[in-house]
Amino acid sequence: MTREKLLAIVGPTAVGKTALSLQLARVFDGEIISGDSMQVYRGMDIGTAKVSPAERKRIPHHLIDIKDPDENFSVAEFQALAIPLITDIYSRGKLPILVGGTGLYIKSVTRHYQFPEAAQDTAYRKKLAQRMKDEGPETLLHKLKELDPETANRLHVNDKRRIIRALEIIHLTNKTMTEYIKEQKEQIRESPYDLVMIGLSVDRQKLYQRINLRVDQMIHEGLVKEVKKLLDMGYGLEYTSMQGLGYKELIPYLKGEISLEEAVEEIKSRTRKFAKRQLTWFRQMPEIHWFDVTDEKEWNRNLLKITQFVEGKFPILKNINESS
C-alpha cells in the first residue's frame, strides 16, 4: 500500500521555518498545516507570528484561527484534525507540509500517538473544579506536584483545565501524564507516512539575537495593543491561550505593575529558554535531517540545498514549471 507523502519542517522559534515552508510550498505545490499550539487562536496574530493574510491567500494554510481564546485545545484534538487534513491534501495531488515548533504536536501526527483522552469521569472532574473554586488552583497544583511533578512543573497555576485533566487521568488509569508521554517516546513506531522531516538549526547566540529582534519587531507591530484588546474582550490569564509567550508577560505591564522594558525583557528571556527546550526535544528525533541556516547571507544557497534534498526524496512531486 502506498503511503501518503508528508513533509515536516521543525526547529526552534525564530529560526526561519515559515519562510522555508512558503518557498517549498511554491516549489512542490504544497499546502501548509500549522503545527503550532498557539496559532489556532483567533485575534492572537502578532505574538504567535502568524503568516500574513496575503501569504495565506497564495498558499493554503490549515489549523490557523480555528479557536477563540477562551476555547480549549489539546494535542489530541490537533492530531484528530491534522491526520485527515494530510489525507485530504495528498488525495488532491498536493504535498502536505506540517510546520511548527511544538514538538509533541508534530510527533503526535508523524507517529500517530495514542493519547488517554477517551477516559473521562465527569463527576470526578466536577468535584475537582468545585474544590479548585473553593480552595484555589494552587491546592490542586500542589496535589499534582506530589503525584506527577514533571507535568505539574510544566503547568501554570491558572491552567486549570490541564491541572484537572492531569489529575483525572491519574484517577482513572493509575498512570501519570508523564508516564504516558514517556511510553510514547519509548515506542519504536515507524511513521505511517512517507515522511521527510527537515530541521533548521542556528548557532545558539545567533538564535538568541534573532529572538530578541523578533520580540522588538512584535512590539513595534503592535503586540501591546493586541494584548490589551484581548483583555478588553474579557480574555485573562485564566485561559490557556493567554499563557502564551508574549501575552502573559505584557499583562502585568498593562495593569501598571511593571514597566514596558521589564515586560519586553521577560518575553525575550522566556522565549530564549523556550527555544532551548524546543531544541532539546527535536534533538531526540533521529528522523530529522538537519540544515544549519546560521549565515543569513547563505539563505539562497541553503534553500537550494534543502529543495534538492526534498526533491531527491519526493521526485515525482517536483513542480517543473516553477521558475523561481
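The values are calculated or read from the model by the stated rules, or taken from the named source; none is laboratory data. Computed from a prediction, not measured in an experiment: that's the story for all the values here. Note that each Cβ is placed from the backbone with ideal geometry, even for glycine, and that neighbours are counted across all protein chains shown.
Can you say whether Lys50 is under 23 Å from Leu22 (Cβ atoms), among the charged types (D, E, K, R) and touching a Ser or Thr at 6+ places or on another chain (Cβ under 9 Å), as far as the supplied structure shows?
Numbers: under 23 Å from Leu22 (Cβ atoms): yes; among the charged types (D, E, K, R): yes; touching a Ser or Thr at 6+ places or on another chain (Cβ under 9 Å): yes.
So Lys50 fits the description; yes.
Restricting to the range 39-70, give me the number of residues that are in a loop (DSSP other than H, G, I, E, B) and in contact (Cβ under 8 Å) with a residue 24 or more places away in the chain.
Filtering the range 39-70 for residues in a loop (DSSP other than H, G, I, E, B) gives 39-40, 42-52, 59-60, 63-66, 68-70.
So of that shortlist, the ones also in contact (Cβ under 8 Å) with a residue 24 or more places away in the chain come out as 39-40, 42-49, 51, 59-60, 63-66, 68-70.
Of the residues in that region, 20 qualify.
Residue-wise test of (1) in contact (Cβ under 8 Å) with a residue 40 or more places away in the chain; (2) exposed (fewer than 14 other Cβ atoms within 10 Å of the Cβ); (3) out of contact with any Asp or Glu (no Cβ under 9 Å at 6 or more places or on another chain).
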site: Ile86; (1), (2), (3): yes, no, no
site: Ile89; (1), (2), (3): yes, no, no
site: Leu104; (1), (2), (3): yes, no, yes
site: Thr110; (1), (2), (3): yes, no, no
site: Gln120; (1), (2), (3): yes, yes, no
site: Tyr124; (1), (2), (3): yes, no, no
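Sort through Ala54, Ala82, Ala76 and tell me the only one that's within 30 Å of Lys248 (Cβ to Cβ) and in contact with an Asp or Glu (Cβ under 9 Å, 6 or more places away or on another chain).
Numbers: Ala54 fails: in contact with an Asp or Glu (Cβ under 9 Å, 6 or more places away or on another chain); Ala82 fails: in contact with an Asp or Glu (Cβ under 9 Å, 6 or more places away or on another chain).
Unique residue meeting the criteria: Ala76.
Looking only at the range 203-240, which residues are crowded, with 19+ Cβ neighbours inside 10 Å and at pLDDT below 95?
Tyr239, Thr240
Among the residues of the range 292-309, is there at least one that is under 21 Å from Ala25 (Cβ atoms), touching a residue at least 40 places away in the same chain (Cβ under 8 Å) and hydroxyl-bearing (Ser, Thr, Tyr)?
Within the range 292-309, one or more residues are under 21 Å from Ala25 (Cβ atoms), touching a residue at least 40 places away in the same chain (Cβ under 8 Å) and hydroxyl-bearing (Ser, Thr, Tyr).
Criterion first (in a loop (DSSP other than H, G, I, E, B) and more than 18 Å from His289 (Cα to Cα)) does Phe78 satisfy it? Break it down stepwise before answering.
Working: in a loop (DSSP other than H, G, I, E, B): no; more than 18 Å from His289 (Cα to Cα): yes.
When the stated conditions are applied, Phe78 does not pass them.
If Gly244 passes every condition in (1) surrounded by 12 or more Cβ atoms within 10 Å (Cβ to Cβ); (2) more than 20 Å from the chain's Cα centre (by Cα); (3) at pLDDT below 95 but one, which one does it miss?
(2)
Conditions (1) among the hydroxyl-bearing types (Ser, Thr, Tyr); (2) more than 17 Å from Gln39 (Cβ to Cβ); (3) in contact with a strand residue (DSSP E or B) (Cβ under 8 Å, 6 or more places away or on another chain), marked per residue:
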residue: Asp216; (1), (2), (3): no, yes, no
residue: Leu223; (1), (2), (3): no, no, no
residue: Glu226; (1), (2), (3): no, no, no
residue: Asp232; (1), (2), (3): no, yes, no
residue: Met242; (1), (2), (3): no, no, no
residue: Tyr247; (1), (2), (3): yes, no, no
residue: Gly256; (1), (2), (3): no, yes, no
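Name the pairs whose Cβ atoms lie under 7 Å apart, with the first residue in the range 141-165 and within 17 Å of Gly236 (Cα to Cα) and in contact (Cβ under 8 Å) with a residue 12 or more places away in the chain, the second assigned to a helix (DSSP H, G or I) and among the aliphatic types (A, V, I, L, M), and 6 or more positions between them or separate chains?
Correct list of pairs: Leu155/Leu141; Leu155/Ile163; Val157/Leu141; Lys160/Met132.
Could you list all residues from the range 53-75 that are over 16 Å from Thr18 (Cα atoms) and of a type outside the set (Phe, Trp, Tyr)? Lay out the reasoning, then the answer.
The initial filter retains those residues of the range 53-75 that are over 16 Å from Thr18 (Cα atoms), namely 65-75.
Once the filter is applied, which keeps residues that are over 16 Å from Thr18 (Cα atoms) and of a type outside the set (Phe, Trp, Tyr), the range 53-75 yields Asp65, Ile66, Lys67, Asp68, Pro69, Asp70, Glu71, Asn72, Ser74, Val75.
Quickly run through the range 36-79 and pick out the residues that are among the hydroxyl-bearing types (Ser, Thr, Tyr), farther than 18 Å from Pro12 by Cα and at pLDDT below 95. Steps first, answer last, please.
If we filter the range 36-79 for residues that are among the hydroxyl-bearing types (Ser, Thr, Tyr), which is where we start, we get 37, 41, 48, 52, 74.
The next check asks that each one be farther than 18 Å from Pro12 by Cα; those that pass are 41, 52, 74.
Residues satisfying the conditions are Ser52, Ser74.
In this structure, is Asp36 surrounded by fewer than 20 Cβ atoms within 10 Å (Cβ to Cβ), in a loop (DSSP other than H, G, I, E, B), touching a helix residue (DSSP H, G or I) at 6+ places or on another chain (Cβ under 9 Å) and charged (D, E, K, R)?
Working: surrounded by fewer than 20 Cβ atoms within 10 Å (Cβ to Cβ): no; in a loop (DSSP other than H, G, I, E, B): yes; touching a helix residue (DSSP H, G or I) at 6+ places or on another chain (Cβ under 9 Å): yes; charged (D, E, K, R): yes.
Considered against the rule, which asks whether it is surrounded by fewer than 20 Cβ atoms within 10 Å (Cβ to Cβ), in a loop (DSSP other than H, G, I, E, B), touching a helix residue (DSSP H, G or I) at 6+ places or on another chain (Cβ under 9 Å) and charged (D, E, K, R), Asp36 comes out as no.
So, Ile33, is that one at pLDDT 95 or above and either assigned by TED's automatic domain parsing to the domain that holds Ile164 or more than 22 Å from Lys160 (Cα to Cα) (or both) or not?
Details: at pLDDT 95 or above: yes; either assigned by TED's automatic domain parsing to the domain that holds Ile164 or more than 22 Å from Lys160 (Cα to Cα) (or both): yes.
Taking the combined requirement at face value, the residue satisfies it.
Out of (1) surrounded by 13 or more Cβ atoms within 10 Å (Cβ to Cβ); (2) within 30 Å of Lys133 (Cβ to Cβ); (3) not basic (Lys, Arg), what's the single condition that is false for Phe282?
For Phe282, the failing item is (2).
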